[in-house]
Amino acid sequence: MTELLHITERAVWEDAASTGAYQMSTRGVSLAHQGFIHCSLPHQLREVAEAIYADAGDLVVLVIEPSKLTSPVKYEAGDGAPGGEQYPHIYGPLPVAAVTAVIPVTRDAAGQMLLPERAEEFGRAEQIPLPEQIPQADQSEPADVNPGPRPR
């Protein structure tokens, strides 16, 4: 099955990654409000990115493995009109575990977004570590290096 893509602001993704589930539909619209998460196929990403995020900074593309989703995916016309191009919509929260890569969106000197254009390019793009790939700091208390009596 083809990987699904979702573009979002880095801060929104980082918040979701810390909770275990992503719950935004699209820019400024929650899953609870819309009822599904807008996604794209690789050939649809540029059009969506330029239409919704042209003026946004610090973006990332989430690469999603559909077999790891816990909610159904439906392909529906992007503007709701019959006969329109079909876009994948996830009808429920996106588990962080279903995100196989997080790709930062950069821009060229003219400000155009630099996005991978074909599915095979997503594996070669620079990636941001996923939450489980980031080493966690030791949260235990440091050992007492001076076990003698403490000054008063």
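Kindly check whether there is at least one residue in the stretch 14-26 that is touching an Asp or Glu at 6+ places or on another chain (Cβ under 9 Å) and modelled with pLDDT under 95.
no
Which condition breaks for residue 90 when tested against (1) in contact (Cβ under 8 Å) with a residue 24 or more places away in the chain; (2) closer than 28 Å to residue 110 by Cβ?
For residue 90, the exception is condition (2).
Condition first: within 14 Å of residue 105 (Cα to Cα), under 15 Å from the mean Cα position of the chain (by Cα) and buried (at least 19 other Cβ atoms within 10 Å of the Cβ). Can you find one or more residues in the stretch 9-29 that meet it?
Yes, the stretch 9-29 contains at least one residue that is within 14 Å of residue 105 (Cα to Cα), under 15 Å from the mean Cα position of the chain (by Cα) and buried (at least 19 other Cβ atoms within 10 Å of the Cβ).
Going by the conditions given, is residue 67 modelled with pLDDT of 85 or more, more than 19 Å from residue 7 (Cβ to Cβ) and either buried (at least 17 other Cβ atoms within 10 Å of the Cβ) or out of contact with any Gly (no Cβ under 9 Å at 6 or more places or on another chain) (or both)?
For residue 67, the condition - modelled with pLDDT of 85 or more, more than 19 Å from residue 7 (Cβ to Cβ) and either buried (at least 17 other Cβ atoms within 10 Å of the Cβ) or out of contact with any Gly (no Cβ under 9 Å at 6 or more places or on another chain) (or both) - is met.
Go through the stretch 35-86 and give me each residue that's of a type in the set (S, T, N, Q), assigned to a strand (DSSP E or B) and out of contact with any helix residue (DSSP H, G or I) (no Cβ under 7 Å at 6 or more places or on another chain).
Within the stretch 35-86, 86 is the sole residue that qualifies.
The values are calculated or read from the model by the stated rules, or taken from the named source; none is laboratory data. The structure presented is a predicted model; accordingly, all values stated were derived computationally and were not measured. Every residue, glycine among them, receives a Cβ derived from its backbone with ideal geometry; neighbour counts consider all protein chains shown.
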